[in-house]
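This report concerns only the one structure given below.
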Amino acid sequence: MHDRLKLNTLLVVLALLLPGSAALAQWELDNTRSTVNFVSIKNDSVAEIHSFSSLVGYIGLDGKVQLGIDLGSVETLVPIRNERMRELLFETVTFPSANISAQVDPTIIATVAQGGVVTTDLPVTLSLHGQQKSLTIPVVVVGEGDSRLRVFSSRPVLINAADFSLDGGITALREIAGLKSINTAVPVTLQLLFVPAL
């Protein structure tokens, strides 16, 4: 029930960000079979994989793509670390979500929807922690049966904490955990499944 409430809240946030666009959605994200992962590296050599359990998104008829990430759903497999990331790093009370938006040529989507495969470097805008930056994500888009679209990054994308004013949060995490270092360049990967909108 709690997870459903969080997902509904994220849907409302997404609808407010792009009014009217969600109504034109051709495909909706299947949250249960999609994931966004990131890797933290501490003390120069210890790498750990983390993820977010609550995502929402769509691909519109006009090629507009939107992905919302509930930062409060961060999962590190260590409850106290989840709490510290929410409070000290992401500051989810003030910045509850991250949002990725992009515009794709509708002809590319039509090709993939017919069972094709497209590999491309996708320019996106990432809104995170009150900052907005342009990035390029290398993706592979695959058309699957039942008109489903699978999108995954072909290689990790490096997110620099300082670009999104997250470096102070990383310092706070390092100090409270008594670590020598935590890398401020974070590799991020995604695997997304979009299904036909109802």
Of everything in segment 32-56, what is assigned to a strand (DSSP E or B), crowded, with 18+ Cβ neighbours inside 10 Å and among the small types (Gly, Ala, Ser)? Give them in sequence order.
40
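The rows are residues; the columns are (1) modelled with pLDDT under 95; (2) in contact with a Pro (Cβ under 6 Å, 6 or more places away or on another chain); (3) β-branched (Val, Ile, Thr); (4) outside any strand (DSSP E or B).
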site	(1), (2), (3), (4)
152	no, no, no, no
162	no, no, no, yes
170	no, no, yes, yes
174	no, no, no, yes
180	no, no, no, yes
189	no, yes, yes, no
194	no, no, no, no
198	yes, no, no, yes
Matching residues in segment 97-156 - criterion: being closer than 17 Å to residue 61 by Cβ, out of contact with any Phe, Trp or Tyr (no Cβ under 8 Å at 6 or more places or on another chain) and among the charged types (D, E, K, R)
105
Residues of segment 142-198 being free of Cβ contacts under 8 Å to residues at least 60 places away in the same chain, of a type outside the set (S, T, N, Q) and closer than 19 Å to residue 130 by Cα, which ones?
158, 161, 162, 163, 164, 167, 168, 185
Consider segment 145-198. How many of its residues are of a type in the set (Lys, Arg) and within 23 Å of residue 82 (Cβ to Cβ)?
2
So residue 82 passes all but one of these: (1) in a loop (DSSP other than H, G, I, E, B); (2) modelled with pLDDT of 95 or more; (3) of a type outside the set (Lys, Arg); (4) farther than 16 Å from residue 159 by Cβ. Which condition number does it fail?
(1)
Residue under evaluation residue 113, criteria (1) surrounded by 14 or more Cβ atoms within 10 Å (Cβ to Cβ); (2) modelled with pLDDT under 95; (3) among the small types (Gly, Ala, Ser); (4) farther than 23 Å from residue 154 by Cβ, criterion not met
(4)
I want to confirm something. Restricting to segment 143-198 and keeping residues that are of a type in the set (Lys, Arg) and out of contact with any Ser or Thr (no Cβ under 7 Å at 6 or more places or on another chain), which single residue is surrounded by the fewest Cβ atoms within 10 Å (Cβ to Cβ)?
180
Against the condition more than 26 Å from residue 123 (Cα to Cα) and either in contact (Cβ under 8 Å) with a residue 60 or more places away in the chain or touching an Asp or Glu at 6+ places or on another chain (Cβ under 8 Å) (or both), how does residue 43 come out, does it pass?
yes
Report the residue count in segment 125-138 for those that are under 21 Å from residue 154 (Cα atoms) and either in contact (Cβ under 8 Å) with a residue 40 or more places away in the chain or in contact with a helix residue (DSSP H, G or I) (Cβ under 7 Å, 6 or more places away or on another chain) (or both).
2
Among the residues of segment 91-149, which ones are in a loop (DSSP other than H, G, I, E, B) and not β-branched (Val, Ile, Thr)?
91, 95, 96, 105, 114, 115, 116, 129, 130, 144, 148
Considering only segment 57-80, state which residues are farther than 20 Å from residue 139 by Cβ and surrounded by 19 or more Cβ atoms within 10 Å (Cβ to Cβ).
70, 71, 72, 73, 74
Only one of (1) closer than 30 Å to residue 114 by Cβ; (2) in contact with a His (Cβ under 7 Å, 6 or more places away or on another chain); (3) of a type in the set (A, V, I, L, M) fails for residue 166. Which number is that?
(1)
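The values are calculated or read from the model by the stated rules, or taken from the named source; none is laboratory data. These numbers come from a predicted model, not from an experiment. FYI the Cβ positions are ideal-geometry reconstructions off the backbone, even for glycines, and counts take in every protein chain you see.
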